[in-house]
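First comes the structure, then the notes that go with it.
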Amino acid sequence: MDSRNTTTPPPEQQQGDPTRVYVSTPTSEHILATLMLAKEDGEIVSVSGMPGIGKTQAMERLKSTETSVWYCQFSDDIGSVFATLTEVAKAVGITEVPSKPDDVRRQIVSRVQGTEGIILCDEAQHLNSKGFEVIRTIHDRSGVAIAFCGHLDLADKIARLPQLAGRITAPLRIGAARAEDADALFDAWGLTDRRSREFLRAFASNPTGLRRIAKAFRLARRMALAAGNPVTFEHVRKAWASLQETVIEA
């Protein structure tokens with residue numbers, strides 16, 4: 001164990017699952033600052049980055065701590081303007097969605113106008129050009145802030161839409177999570193074992209980012225609790241190994 005001082009109890013003494021609780025990291029704070037900039041100034045922003053860096057968690061944090069924050073998540077089966085508007089309408093609390101896109105848009109504008117709010121568009125890389133444009137129109141007609149968040153290719157899609165790209169304020173592009181992000185998680189989880197921290201920290205910049213680190217720690221903690229022991233490096237190492245690809249030859 002290292003000698004750092006921490007008020008966080010060790011994992012085996014914590015109630016519930018510490019990996020399910022929001023943890024402030026340098027990257028998540030950068031994302032939150034970008035979202036707050038948009039909300040306070042009524043701007044459009046974009047946040048693109050690798051999976052597992054904390055984008056969705058930052059958006060959920062904003063929604064839980066601020067008023068007039070609406071979250072919607074897109075997928076690759078949302079191809080029409082009407083489908084895009086329907087997702088936004090449901091997010092802002094419209095339960096009876098009109099059948100015509102123009103009517104849906106007008107109801108959304110009426111709902112969010114003057115609220116000083118923000119619509120968070122997660123997995124926005126799935127939007128097509130018409131989807132981006134209709135959401136931009138909602139911003140233009142209501143003044144509501146918009147945040148397009150998604151994978152790294154989101155930035156490339158927006159760049160191909162000059163009318164939208166020119167409206168983006170302070171676009172944020174994050175290649176990968178950093179070691180400092182992992183350290184913030186370890187501190188919050190009460191993981192003080194030096195070997196375990198160094199082992200997991202080495203994977204922070206992997207494509208799976210912090211997400212797999214959290215899964216590995218969750219599994220290691222479960223192993224330790226089942227044995228009635230503190231979390232050790234052996235638990236962490238075995239947990240990480242169990243999450244890797246298994247190939248069974250025919």
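Charging the Cβ of each Asp and Glu at -1 and of each Lys and Arg at +1, and nothing else, the dipole of the chain about its Cα centre rounds to 220 debye. Taking the charge dipole of the chain about its Cα centre, with +1 at Lys and Arg Cβ atoms and -1 at Asp and Glu Cβ atoms, the residue from His235, Ala91, Pro9 reaching farthest to the positive side is His235. The modelled label-to-label distance for the pair Ala202/Gln244, using points 7 Å beyond Cα in the direction of Cβ, is 1.0 nm.
A simple rule links phi to the HN-Hα coupling: the Karplus curve 6.51 cos²θ - 1.76 cosθ + 1.60 with θ = phi - 60°, which for the stretch 234-243 gives 4, 4, 5, 4, 5, 5, 4, 4, 5, 8 Hz, with x for Gly and Pro. Each 10 Å bin from zero up to the one holding the largest Cα-Cα distance in the stretch 167-223 carries the following percent of pairs: 22, 50, 17, 8, 2.
Per residue of the chain, the DSSP helices (runs of n ≥ 4 H) give a summed -39500 (n - 2.57) that works out to -15000 deg cm²/dmol at 222 nm. Across the chain, the longest piece that holds none of the GluC sites (Glu not before Pro) lying in DSSP loops with up to 16 other C-beta atoms within 10 Å covers 117-244.
A cut-off of 5 Å between modelled amide H atoms, ignoring neighbours fewer than 5 places along the same chain, links Ile44 with Ile146, Thr169. Exceedance of the 30 Å cut-off in Cα-Cα distance is limited, within the set Lys63/Lys238; Lys39/Lys215; Lys63/Lys215; Lys39/Lys130, to Lys63/Lys238; Lys39/Lys215. Rounded to the nearest 20 debye, the dipole magnitude of the stretch 177-242 is 280 debye, with +1 charges on Lys and Arg beta carbons, -1 on Asp and Glu beta carbons, and the Cα centre as origin.
When the P(r) is computed for the chain, the part past 32 Å accounts for 33% of the Cα-Cα pairs. Taking 18 Å as the cut-off, no amide N atom of the stretch 16-43 comes nearer than this to a point 7 Å along the Cα-to-beta-carbon line of Ala165. For a label point 7 Å from the Cα of Asp17 along Cα→C-beta, name the residues of the stretch 189-225 whose backbone N is under 11 Å from it. Within reach of a label on Asp17: 215-216, 218-219, 222. Taking θ as phi - 60° and the Karplus parameters 6.51, -1.76 and 1.60, the scalar couplings of the stretch 146-159 work out to 10, 10, 8, 10, x, 5, 4, 5, 4, 4, 5, 5, 5, 4 Hz in sequence order, x denoting glycine and proline.
In this structure, Lys90 and Glu40 have a Cβ-Cβ separation that, at R0 = 30 Å, corresponds to a calculated FRET efficiency of about 0.75.
Which of Gln163, Met223, Cys72 sits closest to the plus end of the dipole of the chain, meaning its Cα is farthest towards the positive end, when Lys and Arg get +1 and Asp and Glu get -1 on the C-beta? Towards the positive end, the residue furthest out is Met223.
Taken over the C-alpha atoms, the stretch 26-174 has Rg and Dmax values of 13.9, 44 angstrom.
I'd like the FRET efficiency for Arg218 and Ser64, computed as 1/(1 + (r/R0)^6) with the beta carbon distance as r and R0 of 25 Å, rounded to 0.05. Efficiency computed from Cβ-Cβ geometry: 0.70. The phi-based Karplus calculation (6.51 cos²θ - 1.76 cosθ + 1.60; θ = phi - 60°) puts the 3J(HN,Hα) values of the stretch 101-115 at x, 4, 5, 4, 4, 5, 5, 4, 4, 4, 5, 9, 5, x, 8 Hz, whole numbers, x for Gly and Pro.
No lab work stands behind these numbers, since they all come straight from the coordinates. Keep in mind the model is a prediction, meaning the values are calculated, not measured. Cβ coordinates were reconstructed from backbone atoms using ideal geometry, including for glycine residues, and neighbour counts include every protein chain displayed.
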